[in-house]
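Structure first, then comments.
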Amino acid sequence: MSLKQINFPIKLNFFKKLFLLTIGVVFLTIIIGFSFNLIFFDKFYIYRKKNNIINVRNQIVKNMDDKEKLNYYIQFAQDSYGVKIDLTSIQNNRMHMMSSKKIYNSLKINESVFKMREMDGSSGVMFLRYYEKLPNGYLLSIRSSLAVLAEHVHDMFIFNIFTALVSLLISSILVSIFSRKVTKNITHLKTNAQKIAKLEYPENIIIKSGDEIEELSYSLNDMSQELSIAIENLKSFVSNASHELKTPISVLCLYSQALARDSVDEKNKKEYYKIMLEKSLEMRSLTESLLTLSKINSPDYKLKSEEINLETLILSSIEQYDYLEFEKNIDIKLNLSKSIIKGDYNLFKITVNNLIQNMLKYSPDNSNVEITLNDTSISFENVILYKLKGSVEDLFQPFYRDCSSANEKIEGSGLGLSLVKKILELHKLDYNLNIDNSIFKFTINLKEKTD
């Protein structure tokens, strides 16, 4: 099933999921807050009260020797912190109260204790008391009411409910706005992806959102452009391949029909067979080149790694095309040294064959060509029959043939250099083509380049 046949309800599902997820997180946060308040708030409140009492105690002990400062601070602490402070001596009559005396006698010097007490049996109001037996015979008592704790818990519970409702309302509005914006961007990407699936290539895909969606839009835009170029190249490739095959097929059909009808005299039959053989070989060569080009362009194609003796390979290739050498009376000058490289032998053989064949084909009669091989490079140099009208880069395009009158007389498919380029790129070898004053020089750097 293709992408265009599937109806993705992206907006509805994504909006619901994002909305419910965010509201769920907010609700969970509120529940956790309520739970912590119910479990820990009273303990935390009493802990803070105890710290306040200890701070008050430290100031009282500090000012024990200065009665004026002591009285002033006691008054200040009672007004500011809501505590009741008693500082009684063992000689004071109040110490004779049973509870105070009992506590005083139970403590050691500088020993202190906190006690939680209820004011009376019916009110339920709790007090936090601090007792300490001082070295000078005084009993320090600091009392703080916990009555506000119950009030604070009740008020806090009501306030938390109000806060929760407001938070849920605001979160719902914000999540709704954000979700719609996100789903709008995703819908935009989905629409363009469906267009690409229909082999339409939209240009306005980029979304400026500053997040992963923007990165995705750039990737989708790049994919659209690359796919558009690839499809156009494929169309051009198929068109050119069909055109190149059409001519030899037409010749074969025409000559076969003539021979089948026995309308060719014996004198011309040999010439007909010769032309049919040439066109058959031309079709075979073109088909092999097309298959090789298709194979090495496959993403899962893997190069073989084997030792290649370039000197032997060059000599074998020259022998293969010696008919061109003798037919055009070309003098081949060789400067070869032993050179071994690692690579795919069959592919490198195609590279050398193409370069030597082109060198011989496009050289004028009675000319010289030169092949130089050393440890670092291999070069093919010759004079060409025509002046290049296009650019050097065009020569590497499949089926490209320079529109020169001299060139049009030379048979060829225009696949040679495109195959050479792809094979060298697979081997990660640099190459350079230079055409200067009708001197064609192709150089291959035999040292693998590093990325």
Quiz item: Stretched out fully, how many nm does the piece from E214 to N160 gain, at 0.36 nm a residue minus the Cα gap?
Solution: 15.5 nm
Quiz item: If you add up the charges near S367, with Lys and Arg at +1 and Asp and Glu at -1, over every other residue whose beta carbon is less than 10 angstrom from its beta carbon, what do you get?
Solution: -1
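Compute the length gained on full extension between L199 and S280: take 0.36 nm times their separation in residues and subtract their Cα-Cα distance, giving the result in nm to one decimal.
On the way: separation 81, 0.36 × 81 = 29.16 nm, distance 3.64 nm.
Between L199 and S280, full extension yields an extra 25.5 nm.
Check each of the chymotrypsin sites (Phe, Trp or Tyr not before Pro) in segment 294-329 and keep only those in coil by DSSP with at most 14 other C-beta atoms within 10 angstrom; list them in order.
Hits after loop and neighbour filter: Y301.
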Self-check item: Local electrostatic count at E306 - Lys and Arg +1, Asp and Glu -1, tallied over other residues with Cβ under 11 Å
Solution: 0
Quiz item: In whole Hz, what ³J(HN,Hα) sequence does segment 188-193 give by Karplus (6.51, -1.76, 1.60; θ = phi - 60°), x for Gly and Pro?
Solution: 4, 5, 5, 4, 5, 5
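Compute and list, largest first, the equivalent-ellipsoid semi-axes of segment 30-74 from the alpha carbon gyration tensor, each √(5λ) rounded to a whole angstrom.
Working: eigenvalues 276, 11, 5 Å².
Over the Cα atoms of segment 30-74, the ellipsoid semi-axes are 37, 7, 5 Å.
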Quiz item: How many nm is it between the label spots at N368 and S316, if each spot is 7 Å from the Cα in line with the beta carbon?
Solution: 2.9 nm
Quiz item: With Cβ to Cβ distances under 12 Å as the rule, what net charge do the other residues near I23 carry (K, R +1; D, E -1)?
Solution: +2
Quiz item: Once fully extended, how much extra length lies between K441 and D265, figured as 0.36 nm per residue of separation less the alpha-carbon to alpha-carbon distance?
Solution: 58.6 nm
Exercise. Quick one: accessible surface of I32, probe radius 1.4 Å, all protein chains present, in square angstrom to the nearest 10.
Key: 80 Å²
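The values are calculated or read from the model by the stated rules, or taken from the named source; none is laboratory data. Keep in mind the model is a prediction, meaning the values are calculated, not measured. Note: ideal-geometry Cβ built from the backbone for every residue, glycine included; neighbour counts use all protein chains shown. Side chains included, ligands, DNA and RNA excluded: accessible areas come from the protein's heavy atoms. Shrake-Rupley method; radii C 1.70, N 1.55, O 1.52, S 1.80 Å.
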